[in-house]
Amino acid sequence: MKGRVFLLLIIVFFGFSCRNSKSKTPEFVFPQSDSIPVSEAEKLSPEAIADISKNISSPVEIANLLQTLQVPFSQIYLAESIDANKQSTNFDKALKLGILGADLGYLNMYEKTGSSLDVLSSIRKIAEDIKVGQFFDFESIKRLSKNKSNLDSLLFISIDSYSKIDKYLRSDDRGQLSALMIIGVWIEGQYLATQVVNLYPNKMLSDRIGEQKIILNDLLLLISPYCNRDPEFTRLCKDMQDIKDKYRDIRITYTQGEPVSVEKDGGLTIKQTETSVVTMSKEQLHGVIEITKNVRERLILNN
C-alpha cells in the first residue's frame, strides 16, 4: 500500500505544473525569474488556478516521502504553538488551516492517533470559523484515525476534504483564503522536508527540495493579486519572495528520455519519459533551510 500511495502522492506534491510541461525541449533549463508580474497572475483562468491547487494542496505527500525514506517520526516538527482559539483574522485562520493540515498528514502517515486527534480538533475549530467545516467528515476521520488498517481511506478523506474546501472558497469569491490555505500546506511541507534533510542528508530529498523552485513560481502567481490587499498579505508576499530569492541560483535541467509503452484501459499508450537534474550547492541548500525555518516560525507564532 505504501508504495502505491507514495507513487501517487509524490507526483501530486512534488509534481510540476502542467502549464510548464509543454514548453520543455530535450535539454530544458528552468528559466531564471526574479519576479512574477501581477498582470500575469491576474490572467490566470479558474482552470489554471485549480491546476496549481491540485499540484500543491494535498496535506500528506511530504510525510509519505519521509516515511518511505525511513526517517523516524519526530514531534518537534509539528506546529504545536498554534492555538485554534487565538486566530483573530480570516487570514490567520486560512493559513493555519493549511499548516495544520500538513501536520495532520504527517501524524496520520506515522499512525500517531492521539496527537492527530488533537490536531483534528484544532482544524475543526478553524474550519468552522471560516465556514468550511461542512467539507470535513470529522467523525469518519476520527474513527479511521483510531484504526490503523484503514490508512488508505483516512488519507483519501483528508485529501478530499482539502480539495473540496479549495474549490468552494474559489467559487465563493474567497480565493484569497484558498491561496492562503495552499501556501500554509506548502510552507509546512517545505519545513518538514528541510528540517529532515538537515538532520538526515539524502540526495533524493534534497533534489525534491530543489525542485520546489518551480512550485514557488506557481505559488507566487497564486498570491500576487492579493499582495497589496492588506499588510498581512504584503508581508506574506515578501516572505515568499525571500524564499524564492534563495532559489535564484539553483538550476533544474530536464532531459527527455526514450518513449515507453504503458498499459492503460486494456491497451498500450506511448509515454514520454524525462529525468531532472538539480544543481544545488550545500550553501544554497542551507540558505533554503534557513529561510524556510525563519518564515515558518514567524507564521506559526503569529497568534
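Values in this text are rule-based calculations from the coordinates and carry no lab data. Just so you know, these numbers come straight off a predicted model, no measurement behind them.
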With the contact rule set at Cα under 8 Å and sequence spacing of 6 or more, what percent relative contact order holds for segment 161-225? 29 percent
Contact order normalised by residue count of segment 92-239, Cα under 8 Å, 6+ apart, percent: 26 percent
Cross-link partners among aspartates and glutamates for LYS271, C-alpha distance below 13 Å, same-chain residues fewer than 8 apart left out? GLU258, GLU263
Would you mind checking LYS86/LYS244; LYS131/LYS164; LYS86/LYS164; LYS96/LYS131; LYS167/LYS213 for any pair whose Cα atoms are more than 19 angstrom apart? LYS86/LYS244; LYS86/LYS164; LYS167/LYS213
